[in-house]
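Report on one structure; see the data block that follows.
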Amino acid sequence: MNKKQMLIQETEAYLKKADMTPSSFGLRVANDHHLVNRIRAGSISMKNAEKVEQYMAENPPSLQCWQLSAGGQPDPNATQQRAVRFPRDHER
């Protein structure tokens, strides 16, 4: 398996484990919502490949942003906050 194939496989696994959309991942890593499509196509620069690897190493998918305290450390008392949906006028 070559480096491009490994990056594709690692990125896909990260997206699945982190429950993150490809566009969100691309925006967070390189401010490019097409980044994952470029990775899948094998047309990614070495600079962006290094950014992807660095991002995945520094942001493990097991810790979501809502699980971190204000200091960026894991919060053992974190519970996932769910968005509240209010009914629209035509649904009342």
Per the 1/(1 + (r/R0)^6) rule, R0 = 22 Å and r from the Cβ atoms of residue 43 and residue 1, FRET efficiency to 0.05 is 0.75
Using just the C-alpha positions of segment 3-60 as equal point scatterers, what log10 of I(q)/I(0) does the Debye formula give at each q in 0.15, 0.16, 0.19 1/Å?
-0.33, -0.38, -0.55
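Here, each number is a calculation from the coordinates, and none is a lab measurement. This is a predicted model, so every value here is computed, not measured. Glycine also receives a Cβ, built like all others from the backbone with ideal geometry; neighbour counts cover every protein chain displayed.
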